[in-house]
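We did not get these values from a lab; they are worked out from the coordinates using the rules stated. Computed from a prediction, not measured in an experiment: that's the story for all the values here. When we count neighbours, we look across all protein chains shown, and the Cβ atoms used for this are built from the backbone with ideal geometry, even at glycine.
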Amino acid sequence: MSVAEKKNVGKLNLYVPARTLESVSRENNISIDSLLKLAANENRLGCSPKVAEALVQAQSEYALYPDVMITKLRNKLAAKHGIEPADIVFGNGSFELISLLAAAYIDEGDESIYTEPSFGWYINVTKLYGGVPIGVPVGDDMGADIEGIKAAITGRTKVIWLCNPNNPTGTIIAPEVLTEFIDSVPDNILLVLDEAYIDFAEEKYIDTVRFTKEHDNVVILRTFSKLYGLASFRIGYAIGNPAIVTALTKVKLPFNVAYASQVAAYAAVNDEDFTNRVLKNNRDGLDYYYREFDRIGMKYVRSNGNFVLVYTGIDSNYLEEEFIKRRILIRNGAEFGLDKWMRISIGTPEDNRKVIEAFDDILKKI
Ligand SMILES: Cc1ncc(COP(=O)(O)O)c(C=O)c1O
């Protein structure tokens, strides 16, 4: 007989991330080099060339435990955001920060509210600590239903996960709506603004860092995985008042961010030539998709992220496989409860052209 796992662990479903190039290559007997992955909102321009240089220079310190405070990067980010170094805590990607928030704040029976569909990890971590995830469906425009979220607040609500811009819809909450909402949330509820994609926002947006100064219950999550193209390094950070930072620091591992990741992130923050190129590529890519989807006659959601959600009218499982036959991985909307939708990460102009050619080819056959 196997050892019984904890009750809350038994309630968890395995988290299903985007398929990796390696697994698709193995399962379909396709060489990795011929596959194009546009399924996990990774950065197809890679990362700043300064990262490789910085890593070589840092080699002499690889045998040492890293600075537990991550001071150099902390100070740089504090200056960038106009906050105190003590207002930042680092994580092994936002994934870990979300886990830490749940570890520090969610007790048995607490409710956490999230938009549905959104980033699935909020649900897992809530259940792990015995909490109850409460999904509030997006509106007809696929945007977060702020009135619905307000209505879902009860005496048991402990955390609200607000993914903004939202993954997988790409929608963003208008600044005045967000401001009014933040003011309205009772201050015994932790409001998490997951801003993994905020750098890509096309619509009007405000610097939300000020909310962390005005409200003790607001915390912002940022990641180096998207704009900076450092997903494999696993580094992100939370901004919040020192009480939140201290709570997260108590529950995290002491050396949760590798030194190489600290070095990579520091080099990446400095390289605006690279980030400007990424942002231009993203804008151009989105415009290209909008034009092509209009031509094909497919409905899409205008995106504030590095991906676009499109309604194809075709079974998503079938479409995912048809794309794999054409050596392209895109994200099956059914994984988010959105059958007949696909989420496509923005690639290089050539990548994007391949996706549209695949759509044209598949549509000819059905
Ligand atoms: C909304 C959202 N939050 C957090 C994450 C996790 O990012 P990280 O790579 O920093 O763990 C992702 C990853 O795709 C995401 O889409």
Per DSSP helix of 4 or more residues, -39500 (n - 2.57); summed, then divided by the residues of the chain. What does that give at 222 nm, rounded to the nearest 500? -12000 deg cm²/dmol
Tally Lys/Arg at +1 and Asp/Glu at -1 over every other residue whose Cβ is under 12 Å from the Cβ of R277; what's the total? -1
Distance in Å, no decimals, from the C-alpha centre of region 100-128 to the one of region 154-196 is 13
Compactness relative to 2.2 N^0.38 Å, alpha carbon Rg of region 227-366: 1.33
Stokes-Einstein, Kirkwood over Cα pairs, the chain, 37 °C, 0.692 mPa s; D in µm²/s equals 153
Selection of GluC sites (Glu not before Pro), region 3-51, meeting DSSP coil and at most 14 other Cβ within 10 Å: E5
Surrounding charge for Q262, neighbours by C-beta under 9 angstrom, Lys/Arg +1, Asp/Glu -1, total 0
For region 61-269, whose charge dipole is built from +1 on Lys and Arg Cβ atoms and -1 on Asp and Glu Cβ atoms, the candidate among V269, I113, T126 with its Cα farthest towards the positive end is V269
Proximal aspartates and glutamates to K280, defined as alpha-carbon separation beneath 19 angstrom and excluding residues fewer than eight positions away on the same chain: E42, D199, E202, E203, D271, E272, E292, E350, D351
Projected-area mean, region 61-269, by convex hull of Cα positions, square nanometres: 10.9
Just report the Cα centroid separation between region 291-359 and region 202-273, whole Å. 29
Counting pairs on different chains as well as pairs 8 or more places apart, how many Lys pairs in region 61-269 have Cα atoms under 25 Å apart? 28
Under a Cβ-only charge scheme (Lys and Arg +1, Asp and Glu -1), can you give me the dipole magnitude of the chain about the Cα centre, in debye to the nearest 20? 740
Report the charge-dipole magnitude of region 178-336 in Debye, nearest 20, computed about the Cα centre from +1 at each Lys and Arg Cβ and -1 at each Asp and Glu Cβ. 480
When the charge dipole of region 61-269 is computed with +1 on Lys and Arg Cβ and -1 on Asp and Glu Cβ about the Cα centre, the Cα farthest towards its positive end, among T169, L64, G240, belongs to L64
